[in-house]
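None of the figures in this text is laboratory data; all of them are computed from the coordinates on show. Everything numeric in this text was worked out from a predicted model, so none of it was measured. Neighbour counts run over all protein chains shown; Cβ positions are idealised from the backbone, glycine included.
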Amino acid sequence: MTTGTRHPIEGPTEFDPGTAVDLEGGPSAAQPGFRVFLLVTEGETTRVVDLPDGGAVTFGRTPESTVVVDDTRASRRHAELRRSGRELSLVDLGSRNGTKLNEKRLRGESAPVVGGDVISVGGVAAIVATAETRGTGRSSSRLEREFARFATTPGARAVLCRILMDLER
C-alpha cells in the first residue's frame, strides 16, 4: 500500500469523457464540440451509430435505412431522428404503429429529443447519448471508444437493460 500526499489532477485527463485524445495519446488542442450517438440494440446485437450535425438517422424495414428494423410492426420508412446543431427531433413518418419515445407513442408527429431518451421501433431500442467534447471528435475520443467497447462486450445487453430501467424511473 502506498502512503503519501494526494494531489488533485489538474486539467483534463484520459478519464475525462469530454477529452479527445489524438492517435499518439496526447491531448488534442482542438475547439469544443457537441457529439450525438445512438446505442442501438436489437435482440443480442448492440451497435453505436454516430449522428453528425445536419444529419439524420432513419429507422425502417428498407435496406437504405440507417437502422434496419427487421420486424413486421415497422414500416418501410418508419421514423427519422434529425439533428441541427444541439437540437434533436424525432419524426414519425406516418407509420402504421407509431414510434415510441420514452414509452410515449408518436403517430405522424415530431417531438424534441434529449440525451438519455429511448426511441423504440418494433423490436429495436435506441438510447440517445449526447456529450460535450473538447477535441476534434475524431474516432479516438474517449466517448466513442467507450461506446465501441460497450457494443462489443459480452453482457452489454444486461447493462443496457439496467440503464433502460433506471431511465424509466
- Förster radius 35 Å - calculated FRET efficiency between SER110 and GLU44 (Cβ-Cβ, nearest 0.05): 0.65
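Of the GluC sites (Glu not before Pro) in the range 67-136, which ones lie in a loop per DSSP and count no more than 16 other C-beta atoms within 10 Å?
Those that pass, being in a loop and sparsely packed, are GLU103, GLU109.
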- Query: Once both labels are modelled 7 Å past Cα along the beta-carbon direction, what's the LEU93-ASP53 spacing in nm?
  - Reply: 2.6 nm
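Out of the range 42-86, which trypsin sites (Lys or Arg not before Pro) are coil in DSSP terms and have no more than 13 other C-beta atoms within 10 Å? If you can, show how the numbers build up before the last one.
Working: sites: ARG47, ARG61, ARG73, ARG76, ARG77, ARG82, ARG83, ARG86; in loops: ARG61, ARG73, ARG76, ARG77, ARG86.
Here the trypsin sites (Lys or Arg not before Pro) that fit, given the DSSP loop and packing criteria, are ARG76, ARG86.
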